[in-house]
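The values are calculated or read from the model by the stated rules, or taken from the named source; none is laboratory data. Note that the coordinates shown come from a computational prediction; the quantities given were computed from them, not determined experimentally. In this analysis, Cβ positions are derived from the backbone assuming ideal geometry, glycine residues included, and neighbour counts consider all displayed protein chains. The accessibility values were calculated without ligands, DNA or RNA, using every heavy atom of the protein model including side chains. Shrake-Rupley method; radii C 1.70, N 1.55, O 1.52, S 1.80 Å.
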Amino acid sequence: GDSVTQMEGPVTLSEEACLTINCTYTATGYPSLFWYVQYPGEGLQLLLKATKADDKGSNKGFEATYRKETTSFHLEKGSVQVSDSAVYFCALSDRSGGTSYGKLTFGQGTILTVHP
Amino acid sequence: DGGITQSPKYLFRKEGQNVTLSCEQNLNHDAMYWYRQDPGQGLRLIYYSQIVNDFQKGDIAEGYSVSREKKESFPLTVTSAQKNPTAFYLCASSLRPGQGPYGYTFGSGTRLTVV
């Protein structure tokens, strides 16, 4: 079945440091890929997405590129802020059909803490 | 503004009791989902529904039940058969595949604690 693997956390950075959170996936079809962010005590918010190979999703200074050859969708930001402290989830949506069509599969989440 | 409303935000349940978590959306989304979130385990799918009056079990459906009598509503009942119900529960909705961009809209969650 489909699966998503994220890098182990937690990740602790100083403000203005560079961020990379690794995400790799296994899927039988041609999935869409997503990054969601969860702030403390809240639900998840869509951060960015990519629907086909080589697409780059971007939002709020975060970027991720859909790499089919390496089955990866790593999240990057050049300069993090304290307000970026949250849990980040990588996810995929199977588009190959069947009862799982459209259902999201999530990674385990990566906790990011940014210090001033 | 359109969105998903989960209630209550905090819920306490005595052992042996059933409890129902509410999820309502006004986004005109066809599909709705319930996830359970535990520390360090990410999100696990409990049930999902792609159309009214139809729903399917997810990965951890045992001890839970749902109904989908209206497009806007997808309540989750945590039964006494669920052995470890203390968790954060998230409801989500999406357009049916093929009807628009992929991705979910999430509610703000309900934290259930068994006392």
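By DSSP, the beta bridges lying fully in chain A are antiparallel in about 90 percent of cases.
Working note: Debye formula, equal point scatterers on the alpha-carbon atoms of chain B, no solvent; log10 I(q)/I(0) at q = 0.17, 0.22 Å⁻¹ is -0.77, -1.26.
Note the full-extension length gain between A:K52 and A:S85 as 0.36 nm times their separation in residues minus their Cα-Cα distance, in nm to one decimal. Spell out each step's value before the answer.
On the way: separation 33, 0.36 × 33 = 11.88 nm, distance 2.85 nm.
Length difference between fully extended and current span is 9.0 nm.
Label sites at A:E15 and A:Q45, each approximated as a point 7 angstrom past Cα along Cα to Cβ, lie 1.9 nm apart. Leaving ligands, DNA and RNA out of it, report the carbon-plus-sulfur percent of the accessible area of the range A:1-108 at a 1.4 Å probe. Percent of accessible area from carbon and sulfur atoms in the range A:1-108: 47.
What the range B:8-75 shows is 52 Å² of accessible area per residue, with the surface traced by a 1.4 Å probe over protein heavy atoms.
Put the Cα centre of the range B:29-93 next to the Cα centre of the range A:13-61 and the gap is 24 Å.
Using a 1.4 angstrom probe on protein heavy atoms only, the contact between B and A buries about 1600 square angstrom of accessible area, both sides summed.
For chain A, the longest stretch holding no trypsin sites (Lys or Arg not before Pro) located in a DSSP loop with at most 16 other Cβ atoms within 10 Å is which?
Numbers: sites that count: A:K52, A:K60, A:K68.
For trypsin sites (Lys or Arg not before Pro) (loop position, at most 16 other Cβ atoms within 10 Å), the longest site-free span of chain A is A:1-51.
Once neighbouring chains are kept in place and the probe is 1.4 Å, which whole percent of the accessible area of chain B is contributed by carbon and sulfur? Summing carbon and sulfur atoms, their accessible area is 46 percent of the total for chain B.
Provide B:S94, A:S58, B:S22 ordered by accessible surface of protein heavy atoms (probe 1.4 Å), highest first.
The ranking, largest first, comes out as A:S58, B:S22, B:S94.
Over the protein assembly as shown, one equal point on each Cα, no solvent: what is log10 I(q)/I(0) by the Debye formula at q = 0.07, 0.17 Å⁻¹? Each listed q maps to, in turn, -0.22, -1.25.
Rolled with a 1.4 Å probe across the full set of protein chains, the surface gives B:S67 an accessible area near 40 Å².
Taken over the alpha carbons of chain A as equal point scatterers, the Debye sum produces base-10 log I(q)/I(0) values at 0.11, 0.12 Å⁻¹ of -0.33, -0.40.
Once you have a ≥ b ≥ c as the square roots of the Cα gyration tensor eigenvalues for the range A:29-94, tell me rounded if a/c is under 1.5, and otherwise prolate or oblate according to whether a/b is larger than b/c. Before the final figure, lay out the partial values.
Working: a/c = 2.64, a/b = 1.57, b/c = 1.69.
It comes out oblate by the Cα gyration axes.
Contact residues in the range A:25-63 by the 20 Å² criterion (accessible area, 1.4 Å probe, full protein complex versus chain alone): A:F34, A:Y36, A:Q38, A:G41, A:G43, A:L44, A:K49.
Among the GluC sites (Glu not before Pro) within the range B:12-115, those in coil by DSSP and having at most 11 neighbouring Cβ atoms inside 10 Å are B:E15, B:E62, B:E69. Surface listing: B:I60, B:I51 arranged by accessible area from highest to lowest gives B:I51, B:I60, probe 1.4 Å.
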